[in-house]
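The values are calculated or read from the model by the stated rules, or taken from the named source; none is laboratory data. Since this is a predicted model, take the numbers as computed values, not measurements. Note that we place each Cβ from the backbone using ideal geometry, even for glycine, and neighbour counts take in every protein chain shown.
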Amino acid sequence: MSATPSVPVDTPLLTRPRAVIVGASSGIGAALAHKLAQEGYLVALLARNQDNLESIAQQINHTAGETQAFVYPHDVTDYDLIPSLFQTILRDLKKIDALVYVSGAQFPVGISEFEFEKDRNMLEVNLLGAVAWLGQAAVLFERMGVGQIVGISSVAADRGRVGNPAYNSSKAGLSTYLEALRNRLTRHGVNVLTVKPGFVDTKLFRENAKASFGVISPEKAANAIWRAMRKRKQQIYTPGWWRWMMLVIRHVPSIIFRRLSF
Amino acid sequence: MTLNGDAVIPLPTDRLARLENFGHSLSGPAYLYRPTEIEQIEELFEIARRHGFSIGLRGAGRSYGDAALNNGGVVLDLQRMHRILDWNPQTGIIKVDPGVTIEQLWMHTLEDGWWSPVMPGTMAPTLGGCLASNVHGKNNWKAGPFGEYVLEFSALLPNGEHVVCSPTKNTELFFGLIGCMGILGVFTSITLQMKRIYSGNLDVFAWAEPNLKHILDAVDSGKEDNDYIVGWVDCTPRGSRIGRGQLHTANYLAPGDDPSPLQSLRSESQILPDTILGLVPKAIVWRFMRPAMNNMGVWAGNTAKYLANRTIGHKKRYLQSLVAFNFLLDYVPNWERAYGSGGLIQYQSFLPIATAYDAYNEMLKLSKRRGLPSYLGVVKRHRPDKFLLSHAVDGFSLALDIKVSKRKRPGLRKLIRELNKIVLQAGGRFYFAKDSTLTAQEVSEYLGEETVNNFKALKARCDPHNLLQTDLFRRCFTSSNSEQ
């Protein structure tokens, strides 16, 4: 056996949940890593930036006084590596109770800019990477008859806007994929949660921000996600008022919407 | 901690399966393989080694705890290797594959007048599993453990070696592999000596005793004159009545006692009825038990049972088939499901004669006080044996079935830590086939450091790459345990 980390063995008297967080090096992913660890989860942290992951893991392990976080450097567009990495994580953690897909890319694009490289990257990270990872989790959770899949979509999924067509469609695709997973997996005892954050103060947001009202911290978003996970909800907006905002926006008729420039 | 770089070629996802322990208190994913040939096991060893996976061995999955689970890894289920290789009705020597079950065994030998000298409480386990756990029956003080009737076994070690072991050949491996919970090697064939019997029935005597002291005394004093003794203990009453219960002794019939042995030896005479009182189908009984499986319900049920044992069932002598007496646990199929979604653990401790009463009394009272009484207690008499990871002592064992529920889990955890302390202080031992509570430290305390070191040395020799692992092994022999 290679150097397997010493993950505590579950007993009937003491079982510990395990979560895999894809995209854990910053923003919502990092905040959620801290939150879940605080709630007793063992967490596998994935992202490209190994240094960031290491320092988050170190903070978590230091606070907990035991090894609770494990680091797996990974680029979600390396699709071919995902099945074996998933298996390695399963081997190391012994089981997986939740998989959270947070990885996301968003580039500022001009109102008449169509640059395929940017668009493709957003679709790859936000949608294809998610499909690759969530598919792995779906098989495992279906077999186990238990588990939770969390996908971080966006309020941007609800409408195609002039601002960033590829980003909108990547998140819309993710939302639809999550809905379909939910329809497949609920009957097997698996919960699928779609999270649609509004403005969260992350690097992604700061690079793209045009509007800036009602911005919440990643920690606040993470708390809301954890609450939804615990209650096994199907979809949440965070902050919650976006639900009403989007209800309105979703119903703006196209004849008006196509004349708007937000 | 970074864990990349050793990216593995994925095992087929089709193999992913959910595996559970017998107590339904634990479950987890594993890549499940069910080989039929020894060559396939060798191949799997090779695949696992290459991919960096560990392999857990599994038979019928009848261990109460985590002995047959290897979460996140490969599990090798040997149930499809179930041929009877050779049977000699003159000598009573039988050679079998490891996946042959106790049921297959008695079905095959009984009509010739042979019975296994040691039988566990259920006929579901495989013989490979029985050997790995070194099971015992209700006659352990007299007959010893299952391993003492193994004339020879062959095994495949993870280092690639095929070995043949007997009490006189490769003795270190013989006494090491038997009882090692499948951590040192895979049994590939097992040769057993069966016991000659002259009837398919046992002469059974049942009576009730009012408290734990009387139960233990009766079990001890009955050992001279009987082939089997077992005591049922009611752990739910208050005060001095705690530990009241019923005893059963049983004896083999002598030649000539049974006027028609051929009749009673037939499997038709042995097979358990599928209804209770000819009316209620047994397969559904656990569903009716389930709502009553709480402190109040079990107290009421146990009290009714005890009163019946005390009156209409008191001092009764009768003939009972070997199967009905030995495989009491098979009487209500799926009884363990009655414990509900949290399942159960069995807490079985083995204590020397001198300390047994005081310790068991304290344990029962403590569990009762905490609102976590055992719903079923069973007392047996034991004697020591020579196997490396032996659980036996010259004394008693008390097996306690305890319901696990989410709400009571923290309290149960605390209770178990205290019970373990009492047992260890009283010089007691534990049994891996039942266990789901021990830490590595507690294991080394009762086995002794020397034994643990010997076991680890043997492990390093048989399995240099540490291929064979189970959750139980990691919990009990490495430090990866949250209960430190």
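Within the option set B:Thr249, B:Thr275, being hydroxyl-bearing (Ser, Thr, Tyr), surrounded by fewer than 16 Cβ atoms within 10 Å (Cβ to Cβ) and either closer than 29 Å to B:Gly301 by Cα or touching a strand residue (DSSP E or B) at 6+ places or on another chain (Cβ under 6 Å) (or both) holds for one residue only, B:Thr275.
A Cβ distance below 8 Å, combined with a sequence gap of six or more or placement on separate chains, defines the contacts here; from region B:279-301, residues that are over 18 Å from B:Ser405 (Cα atoms) reach residues that are aromatic (Phe, Trp, Tyr) in the pairs B:Lys282/B:Tyr331; B:Val285/B:Trp335. The single condition from (1) modelled with pLDDT of 95 or more; (2) within 30 Å of B:His24 (Cβ to Cβ); (3) within 14 Å of chain B (Cβ to nearest Cβ) that A:Ala24 fails is (2). Only one of the listed residues (A:Ile28, A:Ile21, A:Ile60) is among the aliphatic types (A, V, I, L, M) and in contact with a Pro (Cβ under 6 Å, 6 or more places away or on another chain). That residue is A:Ile28.
Scanning region A:183-204 for residues that are surrounded by fewer than 19 Cβ atoms within 10 Å (Cβ to Cβ) and assigned to a helix (DSSP H, G or I) turns up A:Asn183, A:Arg184, A:Thr186, A:Arg187, A:His188, A:Lys203, A:Leu204.
So that you can scan it fast, the table gives a plain yes or no per residue for (1) touching a helix residue (DSSP H, G or I) at 6+ places or on another chain (Cβ under 9 Å); (2) of a type outside the set (S, T, N, Q); (3) modelled with pLDDT of 95 or more:
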residue: B:Tyr198; (1), (2), (3): yes, yes, yes
residue: B:Leu202; (1), (2), (3): yes, yes, yes
residue: B:Phe205; (1), (2), (3): no, yes, yes
residue: B:Ala208; (1), (2), (3): yes, yes, yes
residue: B:His214; (1), (2), (3): no, yes, yes
residue: B:Asp217; (1), (2), (3): yes, yes, yes
residue: B:Lys223; (1), (2), (3): yes, yes, no
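The requirement of being over 24 Å from A:Thr176 (Cβ atoms), of a type in the set (A, V, I, L, M, F, W, C) and within 17 Å of the chain's Cα centre (by Cα) is fulfilled somewhere in region A:218-239, by at least one residue. Only one of the numbered conditions (1) hydrophobic (A, V, I, L, M, F, W, C); (2) closer than 23 Å to A:Asp201 by Cβ; (3) free of Cβ contacts under 8 Å to residues at least 60 places away in the same chain is violated by A:Ile28, and that is (3).
Restricting to region B:268-283, name every residue that is more than 21 Å from B:Met123 (Cβ to Cβ) and of a type in the set (Val, Ile, Thr). The one that is more than 21 Å from B:Met123 (Cβ to Cβ) and of a type in the set (Val, Ile, Thr): B:Val280. Taken together, the criteria place A:Thr63 among residues that are more than 28 Å from A:Lys171 (Cβ to Cβ), part of a helix (DSSP H, G or I), away from every other protein chain (no Cβ under 13 Å) and polar (S, T, N, Q). Apart from one condition, B:Gly377 fits all of (1) at the interface with chain A (Cβ under 10 Å from one of its Cβ atoms); (2) of a type outside the set (A, V, I, L, M); (3) surrounded by 21 or more Cβ atoms within 10 Å (Cβ to Cβ); the exception is (1). Look at B:Arg461 and say whether it is more than 9 Å from chain A (Cβ to nearest Cβ), on the phi < 0 side of the Ramachandran plot and outside any helix (DSSP H, G or I). No, not satisfied. For B:Lys406, are the conditions met, namely being at pLDDT below 95, basic (Lys, Arg) and surrounded by fewer than 22 Cβ atoms within 10 Å (Cβ to Cβ)? Against the criterion (at pLDDT below 95, basic (Lys, Arg) and surrounded by fewer than 22 Cβ atoms within 10 Å (Cβ to Cβ)), B:Lys406 qualifies.
For the structure I just gave you, tell me whether B:Ala392 is crowded, with 17+ Cβ neighbours inside 10 Å and closer than 25 Å to B:Gly222 by Cβ. When the stated conditions are applied, B:Ala392 passes them. Counting the residues of region B:428-456 that are part of a loop (DSSP other than H, G, I, E, B) and more than 21 Å from the chain's Cα centre (by Cα) gives 1.
You will find that of A:Ala44, A:Ala31, the residue that is surrounded by 21 or more Cβ atoms within 10 Å (Cβ to Cβ), closer than 30 Å to B:Leu412 by Cα and more than 7 Å from chain B (Cβ to nearest Cβ) is A:Ala44 and no other. Assessment of region B:12-25 against the conditions (under 21 Å from the mean Cα position of the chain (by Cα), within 11 Å of chain A (Cβ to nearest Cβ), on the phi > 0 side of the Ramachandran plot and not aliphatic (A, V, I, L, M)) yields at least one matching residue. B:Arg417 falls short of the stated requirement of being within 14 Å of chain A (Cβ to nearest Cβ), outside any strand (DSSP E or B) and without any contact (Cβ under 8 Å) to a residue 40 or more places away in the chain.
Against the test of being over 27 Å from B:Gly377 (Cα atoms), more than 9 Å from chain A (Cβ to nearest Cβ) and among the polar types (S, T, N, Q), the options B:Thr439, B:Thr470, B:Thr478 yield a single qualifying residue, B:Thr470. Scanning region B:69-79 for any residue that is away from every other protein chain (no Cβ under 14 Å) and under 25 Å from A:Thr15 (Cα atoms) turns up at least one such residue. For the criterion of being away from chain B (no Cβ under 12 Å) and out of contact with any Gly (no Cβ under 7 Å at 6 or more places or on another chain), A:Gln58 fails.
Restricting to region B:334-356, count the residues that are in contact with a Lys or Arg (Cβ under 6 Å, 6 or more places away or on another chain) and either away from chain A (no Cβ under 14 Å) or among the hydroxyl-bearing types (Ser, Thr, Tyr) (or both). Selection size over region B:334-356: 4.
Condition check ((1) more than 10 Å from every other protein chain (Cβ to nearest Cβ); (2) modelled with pLDDT of 95 or more; (3) within 25 Å of the chain's Cα centre (by Cα); (4) surrounded by fewer than 14 Cβ atoms within 10 Å (Cβ to Cβ)) across all residues:
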site: B:Met1; (1), (2), (3), (4): no, no, no, no
site: B:Pro10; (1), (2), (3), (4): no, no, no, no
site: B:Thr36; (1), (2), (3), (4): yes, yes, yes, no
site: B:Ile47; (1), (2), (3), (4): yes, no, no, no
